[in-house]
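Since the structure comes first, as structure tokens, the remarks are kept for the end.
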Amino acid sequence: MTSSATNSGSYRVGSLLADFQPDFDFDAPLPLPVEEFEDRLRRIRRQAVEAGHDALIVHTGGVGWFHTSNHYLRYICDWMREGVLIIPTDNDKPLTLLSFFTQSVLLPPGGEPVLVEDIWQIGPIGREYADRPGDSVVKTAEKCAELLAGMGLAKAQIGRIGDGTSLTFWTALDELMPKAKFVADNAILDRMQKVRSPREIALFRAAAQLISIATQAAYHVARPGVTDHEIYAAFTQAQLSYGGETGDGYQIGINEFGTHCGKPYGHVVRPGDLINLYVSNVTYRGYTAQTARMIAIGGITKRQEAVLAACTEGVKRAEKLIRPGALMRDVNNAAFEPMIERGMLASPEARSMPYNWAPMDDGGARLIPRQYVKNIDWEAQGRKLMHLYPATHGPHNPNLGHSVGMAGGQNSFNISSHNYDRMEEGMVFVLHTQWLEPLSAGCNVGDMYVVTKDGFENLSRHTPLETHRIAAEA
């Protein structure tokens with residue numbers, strides 16, 4: 001009886017990568033210059049003035065795994081820890097940062113905040129952690145209120161920017177400053193990131209190059225007998241060794257149907273497998289890239305070949321339309337034409353399109369089918385797959401793509417049938433076509449682009465979009 005998980009053979013990764021070399025040179029740009037942050041601060045303050053704010057408070061929390069809950073502080077002042085940033089609207093008043101209120105062990109470098117004069121260390125406290133009374137969130141709010149009062153802002157209108165982790169802090173600040181008027185205004189920062197500067201695009205380009213290097217490393221080691229752990233490790237080692245910041249922003253899925261998109265669990269690659277490298281996030285200096293690639297091990301079915309072809313052709317048709325002034329709706333709809341031609345879809349309209357995570361047609365919850373699905377590697381670990389994923393056929397999402405930004409940020413726009421915005425020079429986004437049929441076929445391929453003056457640049461061009469083929473022999 002098997003009493004342990006599948007042996008991943010991680011000791012082999014070093015030898016598998018021993019002769020690996022990417023087929024292009026990585027261009028590693030330096031951090032953004034101070035002048036770029038000064039320009040951002042100028043624009044932030046101008047928008048705050050237009051909104052009638054006397055100051056802005058920006059809150060970024062911690063969410064574990066040494067990650068912050070949003071990207072706002074890194075965008076404003078290049079601070080990669082948690083913190084509360086006070087930005088007076090007056091140009092002659094300095095920025096003040098309150099930080100070090102979680103148990104994160106991250107210390108500068110990297111992370112000296114740009115343009116900030118005073119940094120207040122609140123300190124993670126509490127009975128269990130430090131054997132002293134108090135709550136770090138409340139202490140942060142108390143110091144923030146004290147500093148705002150000292151600036152003469154106790155009765156001011158103050159814009160606040162944060163996320164779900166900010167709620168306790170906002171509540172405490174409301175109680176401490178009852179005469180102030182607080183106005184939620186995340187849009188100030190979100191609007192500024194729809195179009196990127198040339199220096200930002202250089203960082204996006206570097207992140208995309210890291211994906212290409214890592215993808216080539218995955219191709220280098222993938223073969224029958226290798227595990228998903230080893231492919232994932234090769235991908236991770238390659239991108240981290242060139243300057244990637246994290247190793248947890250992407251997924252790998254392997255089975256004979258091409259229908260899984262998850263984390264490695266001990267699957268052993270076999271002839272007939274389809275491998276999906278869904279790279280949702282590789283980060284370089286805070287800026288992310290996204291792509292998706294497929295690998296076929298030996299022969300696959302005619303249906304699988306048809307799905308791979310439709311998805312690949314869809315990205316290529318959409319790509320041809322990318323230019324300043326192009327309607328995002330038109331780019332989206334072009335990608336779904338191959339699926340419509342093959343009878344896979346009836347329409348590119350998001351509202352009517354089936355997709356893997358869709359609720360029922362009436363908006364109610366969908367019951368995932370309970371069904372035994374054979375998976376010998378999972379069963380060797382004493383577990384079974386007893387539900388059928390995905391619950392429905394179709395793309396992952398009812399759209400083609402979305403903006404790509406900084407780590408921890410939300411999409412500022414989607415490439416979808418209902419988006420009638422026009423593309424602008426400096427927009428950065430991913431186009432990925434996806435299609436999954438339970439226990440039949442699946443594909444997820446995509447490239448990352450920046451809109452240029454006369455068209456586009458494919459930032460992920462160093463690895464072809466087409467399915468990578470590996471012989472079935474071990």
Once Asp19, Asp54, Asp228 are ranked on solvent-accessible area with the largest value leading and a 1.4 Å probe, the list reads Asp19, Asp54, Asp228
With Gly134 itself left out, Lys, Arg at +1 and Asp, Glu at -1 over residues whose Cβ is under 14 Å from its Cβ give 0
Bridge orientation stat for the chain from DSSP, antiparallel percent rounded to 5, came to 75
Two pseudo-spin positions, 7 Å from Cα along C-beta at Arg469 and at Lys194, lie apart in nanometres by 4.5
Summing -39500 (n - 2.57) over every DSSP H run of at least 4 residues in the chain and dividing by its residue count gives a helix-only mean residue ellipticity at 222 nm, to the nearest 500 deg cm²/dmol, of -9000 deg cm²/dmol
Number of Lys pairs in the chain closer than 25 Å at Cα, excluding neighbours under 8 places apart unless interchain, is 23
Scoring the chain by relative contact order with C-alpha pairs under 8 Å, at least six apart, yields a percentage of 15
Simple SL model, points at 7 angstrom along Cα→Cβ for Lys302 and Arg366; separation in nm is 2.8
The range 270-365 accessible area per residue, 1.4 Å probe, protein heavy atoms, integer Å², reads 41
Pseudo-spin-label distance Trp170 to Gln157, built 7 Å along Cα→Cβ, given in nm, is 1.8
Of the accessible area of the range 292-374, computed with a 1.4 Å probe and all protein chains kept, carbon and sulfur make up a percent value of 53
One finds, for Lys179 and Asn91 with R0 = 25 angstrom and r their Cβ-Cβ distance, a FRET efficiency to the nearest 0.05 of 0.50
Heavy-atom accessible area with a 1.4 angstrom probe orders Thr68, Thr168, Thr259, most exposed first, as Thr168, Thr68, Thr259
Share of accessible surface on carbon and sulfur in the range 57-193, whole %, 1.4 Å probe and ligands ignored, is 52
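The values are calculated or read from the model by the stated rules, or taken from the named source; none is laboratory data. As the structure is a computational prediction, the values presented were derived from the model and not from experiment. Here the Cβ is made from the backbone with ideal geometry for all residues, glycine too, and neighbour counts use every protein chain on show. Heads up: the accessible areas ignore ligands, DNA and RNA and are worked out on the full protein's heavy atoms, side chains in. Shrake-Rupley method; radii C 1.70, N 1.55, O 1.52, S 1.80 Å.
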